[in-house]
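To start, the structure itself, in structure tokens.
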């Protein structure tokens, strides 16, 4: 008998994930249920199916979405949490009654949300999945996959969990899946990338490709990642390369590079960010989309997490703090996203 899967949160990632699992179910999948509180998304999917476009082509995938579960709903073996980080704890609490006895909640959010969900469900019922691809929902029920990739699965405590291989077989419908004994290292490396890309994308108000063409944007990204790496080391985390190639320990700026005395290595880092910008050129910050929809941005779970943990270790994180402050100002309507806003931030830190 196959697994029953619940996808909680039907935005860019959740909608793409649910549609792909419905369209290409593995032998181990018995049912996929998509759950969202967004009435417009539910109506669109139930009327037209999942409208999918992007790197995998354009098509309508027949399917259904639900706003609630009821007492008649059977337990789920896997509950994939694909909400925005500010909503992950509420989503975990609401979904937990429908989790099978030997099932697990799968944390797919950016940031370090596994600990928050483990406090609700218990660490043995929580696994994490680092998403190595991008997607957006430009309008209700329309899901655009902006880049290809797969997942890294594991537990933050490093415990080997045989269930992860079953989950990997399910998620291979989306792309290649690895099971990691160092999920914390993979999660922190992705956090460094997201703190740079998502916050600067929100401040700049554009997709990643055009933004990364500006040298000052790339330099701010390097400054942000450098602060994240310093905090990760203080936390005792061994960073993993992103997608097997992007080494965050190497990307972190040295004192010589900051002082302009190692131009060759600094140019190499700028070059690598140009490659990242080209590969994910269509990626648009999910925080910016959340603000545009009148929702709370996830910056406190990204840059804010670094500021908070850095303070605990006595590590200064001024660029992450400035990004956090400005993203909240945009959400309050006090600032407007623009490349000029990012340029001013670079000027404030003398990295133009």
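The values are calculated or read from the model by the stated rules, or taken from the named source; none is laboratory data. As the structure is a computational prediction, the values presented were derived from the model and not from experiment. Cβ placement follows ideal geometry from the backbone for every residue including glycine, while neighbour counts extend to all protein chains displayed.
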By residue number, the members of region 239-267 that are within 19 Å of residue 216 (Cβ to Cβ) and loosely packed, with under 12 Cβ neighbours inside 10 Å are 259, 260, 263, 267
Would you say residue 232 is surrounded by 23 or more Cβ atoms within 10 Å (Cβ to Cβ), part of a helix (DSSP H, G or I), modelled with pLDDT of 95 or more and out of contact with any strand residue (DSSP E or B) (no Cβ under 8 Å at 6 or more places or on another chain)? yes
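Just checking, how many residues over region 288-309 are assigned to a helix (DSSP H, G or I) and at pLDDT below 90? Give the steps one after another, and end with the answer.
We begin by selecting, within region 288-309, every residue assigned to a helix (DSSP H, G or I); these are 288-292, 299-301, 303-309.
Add one more test, that the residue is at pLDDT below 90, and what stays is 289-290.
The total comes to 2.
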Hits in region 259-287 - residues which are under 14 Å from the mean Cα position of the chain (by Cα) and assigned to a loop (DSSP other than H, G, I, E, B): 280, 283, 284, 285
Of (1) outside any strand (DSSP E or B); (2) over 26 Å from residue 229 (Cβ atoms); (3) touching a residue at least 12 places away in the same chain (Cβ under 8 Å), residue 105 satisfies every one except (1)
Taking the condition at pLDDT below 90 and in the same structural domain as residue 196 (by TED's automatic domain parsing), does residue 268 pass? no
Just to be sure before I move on: is residue 79 buried (at least 19 other Cβ atoms within 10 Å of the Cβ), outside the structural domain of residue 297 (by TED's automatic domain parsing), within 17 Å of residue 15 (Cβ to Cβ) and touching a helix residue (DSSP H, G or I) at 6+ places or on another chain (Cβ under 7 Å) in the structure I sent? yes
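What about residue 49, is it over 20 Å from residue 296 (Cβ atoms), at pLDDT below 95, assigned by TED's automatic domain parsing to the domain that holds residue 130 and within 25 Å of the chain's Cα centre (by Cα)?
Spelling it out, it is not the case that residue 49 is over 20 Å from residue 296 (Cβ atoms), at pLDDT below 95, assigned by TED's automatic domain parsing to the domain that holds residue 130 and within 25 Å of the chain's Cα centre (by Cα).
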